[in-house]
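One structure below.
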Amino acid sequence: MKNTRSFILAGLTLLALATGQPARAQGRGRFQQGGARISQLDNAKIAFITSRLTLTQDQAQRFWPMYNEFVARRRELGRSARLLRRDADNPALTDAQLRDNFNQDFAIKQQQLNLEKDYFDKAQKVLTLRQVAQLYQAERDFTKEVLKRVAGQAEPPLGTGQ
């Protein structure tokens, strides 16, 4: 139990560091810091997931490379989807271009679903079904924790007199 608490504490500490640093306002440094933040957040997520799953050494050696590949592919598809949504706001697009945009978005969503299914199948070859369920829950819990921390650090809305 103490080991689990240590992992959680380490993960939350990394999370606090990742979300608590002010962003630089100029040029390339901002993007470099953003990359460092993502790296810190990824490290915190790994610690958080590790604390939730009781992986054997063999499972850990097989699981983490597979998981990291999955996260990278999921992130890439998410980036593509965000770009499409951003482009859809362009008032100069014709109806045909908008339709094409929607069709591309549907295709990305299908790719995301296929990736999830493929990953689920691969994960079952390394983890028990219960561990897979714990992994999905740990991912959701980590996201909730990040959102809570970010919301807690958000500035009050303009016009609130604070």
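So here's what we get for this one:
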item	result
Filtered residues of the range 116-136 (kept if within 14 Å of Thr54 (Cβ to Cβ) and either open to solvent by 60 Å² or more (accessible area, probe 1.4 Å) or of a type outside the set (Val, Ile, Thr) (or both))	Leu127, Thr128, Arg130, Gln131, Ala133, Gln134, Leu135
Phe106 open to solvent by 80 Å² or more (accessible area, probe 1.4 Å) and assigned to a helix (DSSP H, G or I)	yes
Condition check for Ala92: within 23 Å of Gly35 (Cβ to Cβ) and free of Cβ contacts under 8 Å to residues at least 12 places away in the same chain	no
Close pairs from the range 110-137: first in a helix (DSSP H, G or I), partner of a type in the set (Gly, Ala, Ser), Cβ under 6 Å, at least 6 apart	Val132/Ala123
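The rows are residues; the columns are (1) modelled with pLDDT of 95 or more; (2) among the charged types (D, E, K, R); (3) touching a Cys at 6+ places or on another chain (Cβ under 7 Å).
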residue	(1), (2), (3)
Arg82	no, yes, no
Arg86	no, yes, no
Thr94	no, no, no
Asn101	no, no, no
Phe106	yes, no, no
Gln110	yes, no, no
Leu115	yes, no, no
Asp121	yes, yes, no
Gln124	yes, no, no
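The values are calculated or read from the model by the stated rules, or taken from the named source; none is laboratory data. From a predicted model like this one, the values you see are computed outputs, not experimental measurements. For neighbour counting, all protein chains shown are included, and Cβ atoms are generated from backbone atoms with ideal geometry for every residue, glycine included. Protein only, heavy atoms only, side chains kept; ligands, DNA and RNA dropped before computing areas. Shrake-Rupley method; radii C 1.70, N 1.55, O 1.52, S 1.80 Å.
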